[in-house]
Amino acid sequence: MTAGWLIGIVFGTSDVVSYSQTPLLLIFSAIFLPLLAYFAQGLRTSVLFLSGICILGFIHASTTVTHFDTIARSTEAVERKAVVAQILSSNAMRTRVLLQDEAWGVGIRATLPESTLRVGEVILYSALLHEPEPFITETGRVFAYTEFSRARNVLFDTKTLKYEVVGTNWYHTDIGTLYTFRDAIAATIARTIREPEAGLATAMLLGIGGTLDEDENRVFREVGLVHIVVLSGFHIMAIFAAIIFLTSFFLPYRARFVVALGATLLFSVMVGLTPTVVRADIMATCVAIACVLGKGRAPLRALAIAACIITFLAPYALLYDAGFQFSFLATFAIIVVTPIIMLFLRAIPTTFELRAIVAATISIELILTPLLSWSMGTFPLIGTFANVLVLPVVPFAMLASLVLWIGSVVSPSAVPFFAELVTLLHGYIIAVARLLHALPYAYFTIGIYSLSVLGCIYVLVTVGILFLAYRRYGMPDKQKSALSGPDVHDWKIETIDDIRQRLG
């Protein structure tokens, strides 16, 4: 079902099939699908169901595209109402705010020379509007900024905003309280930690962009660690796991999952509900529900549910939001590929989950490297090694930053200790990135290549993974035994009473 829905979303948001061709597609489907079901009777139900879901996904995506295109024709807004949804950035030179138009239901990024606007205020505004324009990245690639913005439900940019505050939106005002809370944490980190450790801590914990300078960002990108300097699903799940751990000292088993889920959802709203964060929230919700109800966990099913929900809310995210793509591919690699890779890493000890960390890192690098190279133009040769050294430290670094802020509120005398701890952990991450970046041939630049080449690379990766899976699950029993240890399929489990009776 998920595959059919996502295929429909791809066709609906790409240029392969336009909205005007929808009637032709429906006529073609009405003729072709019954014929296919007739000649493939054994797959009749599956074919019809999958095709129906695909058509629904296409219609939903095409409708969304048409809705955005219709609104985008408006290049001037006069006396319209909007609510201030977020203060994106603010400095002495300018302030960037995100407005939510009440009638259109889309976002507008406004750049102002100065502003006293606060989140939650309702304004009556006039402005000249224009869509975000694509631009060329430093590696020569075209960034589809228009479609990326649509994936975030942002349709316009403006620098000519004129406004008048006319009221307050209480929902966004409450959200603004969370933003104030976030800014307080960022201020505490900036006040107690030196740079660049403070910038890295703020980026990792709160997802605030622009806290690291361009040189540091380039170093992290070229050694394959760029994913830790932007808030991702990994960071959200790390927060979720950390809260479960902290509450395990005073809450019963099920209650700690409820508290952790509630705190994680509030944290997600505070840092911004991007598709990547929403994906992690949905999976955390599925895990919490499974643990509370005492049911088995199905992470791949939770990932499929998250994919359907996010692409329903933001169809453009599937093709044009790189963070969404990286997050889902990385999660898929952890769920599906990591168990296969672990079977071939028996030489690595399991102490401190080292084998699992190495297997997960190799799996993620195997799945993500082709897409990263295609989109960013760099291939980090030492990416796997860098992630093995850094990823185990990331949850502790984030937790230390959070404890630093708590300590500044509860016990200011403890701030110097926690500040040194935060500096040490984030300094280690920066030192590893710089050291590996200085090595010869740590990375190399890749020229632009087509989507068809990227597809061929993923075909080869898939074949390789299937081959490894066959080596474990399809090989003869003697080879399995040599690879994975003694054959235990005929072993029996005896209770203490059984042993006593057998011994007499």
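The values are calculated or read from the model by the stated rules, or taken from the named source; none is laboratory data. Remember, predicted model here, so these are calculated numbers, not experimental data. Reconstructed Cβ throughout: ideal geometry from the backbone, glycine too, with neighbour counts over all protein chains shown.
Brief remarks follow.
- When we screen G272, G224 for residues that are crowded, with 22+ Cβ neighbours inside 10 Å, within 20 Å of the chain's Cα centre (by Cα), at positive phi and not assigned by TED's automatic domain parsing to the domain that holds G12, the only hit is G224.
- Looking across the stretch 125-175, the residues that are small (G, A, S), modelled with pLDDT of 85 or more and farther than 12 Å from R109 by Cβ come down to S126, A144, A151, G167.
- Pairs with Cβ under 6 Å, 6+ apart, first in the stretch 313-336 and within 16 Å of A151 (Cβ to Cβ), second in a helix (DSSP H, G or I) and of a type in the set (D, E): Y316/E147; Y320/E147
- A single member of V65, V84, V122 is in contact with a Lys or Arg (Cβ under 7 Å, 6 or more places away or on another chain), farther than 18 Å from D157 by Cβ and not charged (D, E, K, R), and it is V122.
- The numbered conditions (1) of a type in the set (D, E); (2) buried (at least 21 other Cβ atoms within 10 Å of the Cβ); (3) touching a strand residue (DSSP E or B) at 6+ places or on another chain (Cβ under 7 Å) are all true for E164 except (2).
- In the stretch 70-100, residue surrounded by the fewest Cβ atoms within 10 Å (Cβ to Cβ) [restricted to those that are without any contact (Cβ under 8 Å) to a residue 24 or more places away in the chain and among the charged types (D, E, K, R)]: R73
- Checking the stretch 344-353 against the condition returns no match, with no residue being part of a helix (DSSP H, G or I) and either in contact with a Lys or Arg (Cβ under 7 Å, 6 or more places away or on another chain) or of a type in the set (A, V, I, L, M) (or both).
- Residue among L372, L391, L424 that is over 20 Å from the mean Cα position of the chain (by Cα) and part of a helix (DSSP H, G or I): L424
- Which listed residue, of I228, I175, is among the hydrophobic types (A, V, I, L, M, F, W, C) and closer than 30 Å to I71 by Cα: I175
- Enumeration of residues in the stretch 227-269 that are hydroxyl-bearing (S, T, Y), in contact (Cβ under 8 Å) with a residue 24 or more places away in the chain and surrounded by fewer than 16 Cβ atoms within 10 Å (Cβ to Cβ): Y253
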